[in-house]
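Data block below; observations after.
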Amino acid sequence: MATVLIVDDSSFMRKRIAKAVESAGHTVTGQASDGSEGFEAYREQRPQVVIMDITMRGTDGIAGAEMIRDFDPQASVIFMSMVEDEKVIERARELGAVGFLGKKEHDRLVELINETVKQEEI
């Protein structure tokens, strides 16, 4: 199963995502409330998957993902956000995002995590 870092400025959303991730058998290694904290947590924990919101107080998810990908180009980032701006979604794809999901797509989130872990095993 995968190790997962959750980055979202909403503690409510972090808890909901963690519950979905853990109920699928994965381990949440840490949580962060903005992109900078997420980057620091990534450096320390090296999780297999990062679940990142985009719109956050402090450092946003795009900037956080850029820092993570600059540090580790193989990092697997799944964006989970309410953002519908095509330019932002395109930027997420340019960063090599594994996926881009809405905040309520927990079933699809678990599928993406599982797919990511299988790709790493190959």
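What follows is calculated from the coordinates using simple rules that are stated; it is not laboratory data. Just so it is clear, the structure is predicted and the values come from calculations on it, not from any experiment. For neighbour counting, all protein chains shown are included, and Cβ atoms are generated from backbone atoms with ideal geometry for every residue, glycine included.
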Determine, yes or no, whether VAL83 is within 21 Å of ALA32 (Cβ to Cβ), of a type in the set (Val, Ile, Thr) and in a helix (DSSP H, G or I). no
Which condition number in (1) over 10 Å from the mean Cα position of the chain (by Cα); (2) free of Cβ contacts under 8 Å to residues at least 24 places away in the same chain; (3) surrounded by 19 or more Cβ atoms within 10 Å (Cβ to Cβ) is the one that GLU111 fails? (3)
Taking SER10, is it in contact (Cβ under 8 Å) with a residue 24 or more places away in the chain, on the phi < 0 side of the Ramachandran plot and not aliphatic (A, V, I, L, M)? yes
List every residue pair whose Cβ atoms sit under 6 Å apart, with the two residues 6 or more apart in sequence or on different chains, where the first one lies in the range 43-62 and is in contact (Cβ under 8 Å) with a residue 40 or more places away in the chain and the second, anywhere, is surrounded by 14 or more Cβ atoms within 10 Å (Cβ to Cβ) and of a type in the set (Ser, Thr, Tyr). GLN45/THR29; PRO47/THR3; PRO47/THR29; GLN48/THR3; VAL49/SER76; VAL49/THR116; ASP53/SER81
Return the residues of the range 28-50 that are part of a strand (DSSP E or B) and within 14 Å of LEU95 (Cβ to Cβ); say none if nothing qualifies. VAL50
Selection within the range 34-60 - buried (at least 18 other Cβ atoms within 10 Å of the Cβ) and farther than 16 Å from VAL4 by Cβ: ASP34, GLY35, ILE54, MET56, THR59, ASP60
Screening ILE51, ILE89 for residues that are within 12 Å of the chain's Cα centre (by Cα) and of a type in the set (A, V, I, L, M, F, W, C) leaves only ILE51
